[in-house]
1. When you check Leu150 against the structure, is it without any contact (Cβ under 8 Å) to a residue 60 or more places away in the chain, touching a helix residue (DSSP H, G or I) at 6+ places or on another chain (Cβ under 8 Å), part of a loop (DSSP other than H, G, I, E, B) and in the same structural domain as Ala247 (by TED's automatic domain parsing), yes or no?
2. Quick one: would you say Tyr404 is farther than 30 Å from Val84 by Cβ and not assigned by TED's automatic domain parsing to the domain that holds Pro79?
3. Could you check, for region 276-297, whether at least one of its residues is in a loop (DSSP other than H, G, I, E, B), in contact with an Asp or Glu (Cβ under 7 Å, 6 or more places away or on another chain), at pLDDT 95 or above and not acidic (Asp, Glu)?
4. List every residue pair whose Cβ atoms lie under 6 Å apart, where the two residues are 6 or more positions apart in sequence or sit on different chains, the first residue falls within region 326-350 and is within 22 Å of Gly257 (Cβ to Cβ), and the second residue, located anywhere, is among the acidic types (Asp, Glu) and assigned to a helix (DSSP H, G or I).
5. State whether the residues of region 114-127 include one that is of a type outside the set (A, V, I, L, M, F, W, C), in contact with a Gly (Cβ under 7 Å, 6 or more places away or on another chain) and farther than 19 Å from His223 by Cβ.
6. Determine if region 263-279 includes at least one residue that is of a type in the set (Phe, Trp, Tyr) and closer than 23 Å to Gln326 by Cα.
7. Taking region 154-175 as the region of interest, how many residues are out of contact with any Gly (no Cβ under 9 Å at 6 or more places or on another chain), part of a loop (DSSP other than H, G, I, E, B) and within 17 Å of Leu248 (Cα to Cα)?
Amino acid sequence: MQYWADLHLHSHYAMAASKDARPEQLALWARWKGLTLIGTGDFTHPGWRAELRAKLEEAGDGLWRLKPEVTQGTEPELPYAQPVRFVISGEVCTIYPKAGKTRKVHHLLLLPHLAAAERLSARLAAYGQLASNGRPVLKLDSRDLLAITLEVVPEAILIPAHIWTPHYSVLGMGSGFHHLRECYGDLTGEIHAIETGLSSDPAMNRRLSSLDDYALVSNSDAHSPAKLGREATLFAIELSFTALRKALKKPFPGLLGTIEFYPEEGKYHWDGHRTCGVCWSPRETIRAGGKCPVCGRPVTVGVLHRVELLADREKEGQPPSARPAQRLLPLTEIIAAAEGVGEGSKRVQRIYRQLLTAHGPELRILRETPLTALAETAGEKLADGVRRVRHGLLKVNPGYDGVYGEVRIYTD
């Protein structure tokens with residue numbers, strides 16, 4: 001069976017504590033999006049673990065589902081919708097000095113059960129305040145985080161998160177590592193998959209031959225349920241933690257490809273200074289010596305610039321680990337552009353529900369539903385918008401220094 005997975009959901013617990021982000025709401029949004037497997041996020045937070053224990057039950061072989069008494073209202077009658085499973089997941093930030101530089105790296109952790117989350121959280125509590133944030137800050141070397149994780153939970157999966165983000169990632173400009181082995185040392189061989197992040201896509205990552213042996217996965221890094229499925233990874237495996245773990249290790253059996261955010265739309269794609277309104281391509285930054293012309297301080301160097309600095313290929317490589325990738329936009333964004341209204345308007349939400357009721361989950365609509373059928377439900381302009389997205393006929397203004405990029409669908 002093929003299914004889409006979004007493994008990185010995290011809420012910083014503030015979102016998770018809200019009414020709209022309970023496990024049953026996450027499952028509801030996942031069904032609307034067309035996701036079969038989602039991460040719980042925030043397993044290190046004791047409050048969220050209590051919520052998960054109260055609402056989830058084991059579904060077999062390391063995955064979880066809503067308890068029967070919780071499922072009411074979470075399984076709407078949508079064509080092609082699948083039951084949703086959870087994998088225990090969390091994101092942690094390590095901040096530490098190494099080789100004369102402060103390193104800040106985010107990591108995605110996947111675990112087979114809540115008991116493992118309890119044990120690992122108990123060990124990590126010695127390095128940071130786990131109850132203060134869903135993504136805790138640990139005063140711990142990234143290599144040591146990996147060592148502790150595998151010691152406590154040998155089946156655990158650690159994935160370097162959004163590896164190019166300037167301030168908090170393994171290859172971002174802020175952390176200063178040039179290769180994964182500089183970060184994880186003798187345990188680098190225990191890393192098998194890396195997360196591209198919203199501001200990069202597989203084509204950019206495949207310009208580095210040092211990443212050829214890694215699976216590239218894409219996740220939404222969603223801070224609200226509505227953001228689920230902006231990026232996702234396609235698997236054709238048994239629905240189990242064991243099969244997931246196997247698919248994320250060479251030769252990556254059953255890993256089929258990814259759905260990608262337009263990297264230009266990510267908020268750290270180009271260089272610049274948000275407060276000064278400066279947005280530059282890497283070439284412009286180099287010409288200016290990296291200094292903001294308004295305030296004179298160094299600009300924030302984005303993902304594209306960092307990839308250019310480390311790349312050893314002019315074009316994308318095609319190692320055996322390479323998988324297809326497809327760029328899409330959220331369906332609500334297309335509806336809003338077609339209707340000429342805000343994405344959060346009642347009209348957009350009404351049309352969104354009509355489309356789902358008629359044609360099934362969002363990812364199916366974006367990728368497979370015939371345009372003639374979409375036109376019958378929501379009009380010719382909406383169908384044309386989906387066509388333009390499928391073929392990349394868009395105008396994109398790149399994001400920079402924390403500002404999301406802007407995508408124009410109807411450029412005429």
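The values are calculated or read from the model by the stated rules, or taken from the named source; none is laboratory data. All values reported here derive from a predicted model rather than from experimental measurement. In this analysis, Cβ positions are derived from the backbone assuming ideal geometry, glycine residues included, and neighbour counts consider all displayed protein chains.
1. Criteria not met by Leu150.
2. Working: farther than 30 Å from Val84 by Cβ: no; not assigned by TED's automatic domain parsing to the domain that holds Pro79: yes.
No.
3. No: region 276-297 contains no residue that is in a loop (DSSP other than H, G, I, E, B), in contact with an Asp or Glu (Cβ under 7 Å, 6 or more places away or on another chain), at pLDDT 95 or above and not acidic (Asp, Glu).
4. Leu331/Glu362
5. Looking for residues that are of a type outside the set (A, V, I, L, M, F, W, C), in contact with a Gly (Cβ under 7 Å, 6 or more places away or on another chain) and farther than 19 Å from His223 by Cβ, one finds none in region 114-127, hence no.
6. Within region 263-279, one or more residues are of a type in the set (Phe, Trp, Tyr) and closer than 23 Å to Gln326 by Cα.
7. 2
This table checks each residue for (1) touching a residue at least 40 places away in the same chain (Cβ under 8 Å); (2) over 20 Å from Arg327 (Cβ atoms); (3) not polar (S, T, N, Q).
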| position | (1), (2), (3) |
| --- | --- |
| Thr369 | no, no, no |
| Ala375 | no, yes, yes |
| Val389 | yes, no, yes |
| Tyr410 | yes, no, yes |
